[in-house]
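Reading through the structure tokens given below for one structure.
Just so it is clear, none of the values below were taken in a lab; they were calculated from the coordinates. Please read these numbers as outputs of a predicted model, since none were measured by experiment. In this analysis, Cβ positions are derived from the backbone assuming ideal geometry, glycine residues included, and neighbour counts consider all displayed protein chains.
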Amino acid sequence: MVSNPDFLIQERQEQGLESQEVQSPAGELYLRFHITSGYELALRAASIREVLALSPDRITPIPNTSSLLLGTINLRGQAVWVADLSQFLGHLEPLDTERSEIPVITVEDQEVVVGLAVDQIIGMGWLELDQIQPANHIPDNMAPFLKGGWLVNQVTNDWLHLLDPTTILRSARWAA
């Protein structure tokens, strides 16, 4: 009786479910966040390994390393470098590490994992790639790491910039 298709249709109609359809959102899923310089950025959810909220004492500083690096974390037995994303992108204002939690987005490419410390996680959202525009309204030091952006408010000229995690992980800036 349960495998009878007429029974299942009748049961759905009795429960008022016949008119409810699941709509697929348009576009792809992205994580939106702010860096200390005030820029709003996004990363494709598929490129993110994990999002963490870490106490600053969980990030172990390593002496004599790049000023971009806050230190390392132990991520389930793996040592992962954590960088201040705002400074990596060329902005001078460092991340405030004197707070209870630091949002860290871990990205991975071909077994290379890096944590990107950001100022604030905004949340997840669906964005359409066909609406992306060239990143010609940003500082030159950020341009190599962006795939483009979306104009989110024409009145205030606010943009949401799409980061390219592979370019970040493969950058020569890590050697500086």
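Close amide H pairs (under 5 Å, H built 1.01 Å from N) link residue 83 with 70, 115, 116, 117, residues at least 5 positions away or on another chain. Working value for the chain: equivalent-ellipsoid semi-axes of 39, 22, 15 Å, each the square root of 5 times a Cα gyration tensor eigenvalue, largest first. Once the Cα atoms of helix 5-14 and of the chain are each reduced to a long axis, what angle between those two axes, in degrees from 0 to 90 to the nearest 10, is obtained? Its long axis makes an angle of about 80 degrees.
Evaluated with a Cβ-only charge set (Lys, Arg +1; Asp, Glu -1), the chain carries a dipole of roughly 620 debye about its Cα centre, given to the nearest 20. Backbone amide hydrogens, once placed in the peptide plane, bring residue 50 within less than 5 Å of 106, excluding anything fewer than 5 places away on its chain. Listed values for the stretch 137-144 are Karplus-derived 3J(HN,Hα) couplings in whole Hz (6.51 cos²θ - 1.76 cosθ + 1.60, θ = phi - 60°), namely 10, 10, x, 4, 5, 8, 3, x, and x replaces Gly and Pro.
Our summary gives the chain a relative contact order of 24 percent, counting only alpha carbon pairs under 8 angstrom and 6 or more residues apart. Legend: calculated FRET efficiency, residue 28 to residue 76, from the Cβ-Cβ distance at R0 = 22 Å, rounded to 0.05, equals 0.25. The HN-Hα couplings worked out from phi for the stretch 41-50 by the Karplus form 6.51 cos²θ - 1.76 cosθ + 1.60 (θ = phi - 60°) are 10, 9, 10, 4, 4, 5, 8, 9, 7, 6 Hz, whole numbers, x standing for Gly and Pro. Taking amide H atoms as placed 1.01 Å from N in the peptide plane, the amide H of residue 65 has no partner under 5 Å among residues 5 or more positions away or on other chains. Based on DSSP H segments of at least four residues, each scored -39500 (n - 2.57), the chain has a per-residue ellipticity at 222 nm of -2500 deg cm²/dmol. The 3J(HN,Hα) values that the Karplus relation (6.51, -1.76, 1.60; θ = phi - 60°) gives for the stretch 72-86 are, in residue order, 10, 10, 9, 10, 6, x, 10, 6, 10, 5, 10, 10, 7, 4, 4 Hz. Gly and Pro appear as x. Between residue 131 and residue 147, the simple spin-label model (points 7 angstrom out along Cα→Cβ) gives 1.6 nm.
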